[in-house]
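Here's the structure, in structure tokens; my notes come after.
What follows draws every value from the coordinates through simple rules; no lab data is involved. Computed from a predicted structure; not experimentally measured. Positions of Cβ are backbone-derived with ideal geometry, glycine not excepted, and every protein chain shown enters the neighbour counts.
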Amino acid sequence: MIVVATDDFRLYQTVLAELRDRGVTFTTIEPGPAVDDRLPDRASVVIATPEDRVDLGGRDDVAFVTADPEDPRAAVDEALAALRGGGGRTVVGVDPGPSPGIAVLVGGTVVAVFQVPLSEAVDTIVSETDGEPDPLVRVGDGDRLKGARIINDLPDDLAVELVDETGTTPYLGTGARGMGDVLAAVNVARIEGDPTAQREIEPTAGELQRIKDESRRRSAGGRTIDETLARRVAAGELTIDEAIDEHRADDSE
């Protein structure tokens, strides 16, 4: 866990905003002497300025990051680097869908979360695992086709597990709308799955029909792609918009 301990109000605001934007778990304490007595047991990194005179005492297990109020992003980057190198395997949980939720955990601690378009999911996962020792990716099995597309596009040397998604999406209370996929990804990351490398998925008639229906919706009801194109969309060879364009081009010939 990252701990922010500063009396610099500007740094406090900007660092906390940066940590929240990245979905990082953190807490705050007052700076000063004997701060080691007030650090949470799970503390791994402390962010402060030299003027805060933070004394970590005997907490050799806690890294100290000197922050510049003019560059809070650099302090957060350094803190995350220290956190990831401080112990524990990097595990990425993925809740597949049109905009997959992605959660990065190090030693069980959530250090970053994302929700990106499906087309950016693999690049995000690769970026978050690049250079990490023995990273693991866990992909939920809820959306078979989109999950298979992610798994099949990941590098061959990246360990991947397929996880039963049952019960991973929590109830969302007031103010938490839109967080379901991200929270599900956190839960997926914490569940042991079955090792997998490639997934051969034969789309069902219902899945193909949903793709066709979506193509009709996106083309304002004027065009429905055929089954051949729908299968290519299901396999990840085309996006629905590309399939619509190809269908339109075929009709014009």
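Near the amide H of Val137, within less than 5 Å, lie the amide hydrogens of Val92, Ala159, Val160, Glu161, all on another chain or at least 5 residues away, with H placed in the peptide plane. Can you tell me the orientation of helix 118-129 relative to the chain, as the angle in degrees between its alpha-carbon axis and the longest Cα principal axis, to the nearest 10? The helix 118-129 is inclined about 30 degrees to the chain. Our summary gives the range 76-125 a relative contact order of 29 percent, counting only alpha carbon pairs under 8 angstrom and 6 or more residues apart. Backbone phi angles across the range 8-20, fed through the Karplus curve with coefficients 6.51, -1.76 and 1.60 (θ = phi - 60°), yield HN-Hα couplings of 6, 4, 5, 4, 3, 5, 6, 5, 4, 5, 5, 5, 5 Hz in residue order; Gly and Pro are listed as x. Ranking Pro135, Ile47, Ile240 by how far each Cα lies toward the positive end of the dipole of the chain (charges on Cβ) leaves Ile240 at the top.
Against the chain, whose longest principal axis is taken from its Cα atoms, helix 72-84 shows a tilt of about 80°. The GluC sites (Glu not before Pro) of the range 36-128 meeting both criteria, a DSSP state outside H, G, I, E and B (loop) and at most 15 other C-beta atoms within 10 angstrom of the site's C-beta, are Glu70.
How far is helix 180-189 tilted off the main Cα axis of the chain, in degrees rounded to 10, range 0 to 90? Result, in degrees: 70. The slack in the chain from Ala220 to Asp55, taken as 0.36 nm per residue of separation less the alpha-carbon distance, amounts to 53.1 nm. Between Ala63 and Val45, Val46, the built amide H atoms are under 5 Å apart, and every one of these is 5 or more places off in sequence or on another chain. The shape of the range 6-59 comes out oblate: with a ≥ b ≥ c from the C-alpha gyration tensor, a/c is at least 1.5 while a/b does not beat b/c. Roughly speaking, what is the centre-to-centre gap between the range 227-243 and the range 1-45 when only Cα atoms are used, to the nearest Å? Answer, in whole Å: 47. Of the two radii for the chain, the radius of gyration is 1.09 times the Kirkwood radius, both from the alpha carbons; that is the Rg over Rh value. Its relative contact order, with pairs defined as Cα atoms under 8 Å and 6+ residues apart, puts the chain at 14 percent. Given the chain, what percent of its DSSP beta bridges are antiparallel, to the nearest 5? Antiparallel bridges make up about 40 percent of those DSSP assigns within the chain.
Using the Cβ-Cβ distance between Glu202 and Ser127 with R0 set to 30 Å, the FRET efficiency works out to roughly 0.45. Among Arg84, Arg73, Arg216, the residue with the largest mean-square fluctuation in a Gaussian network model of the chain, with springs joining Cα atoms closer than 10 Å, is Arg216.
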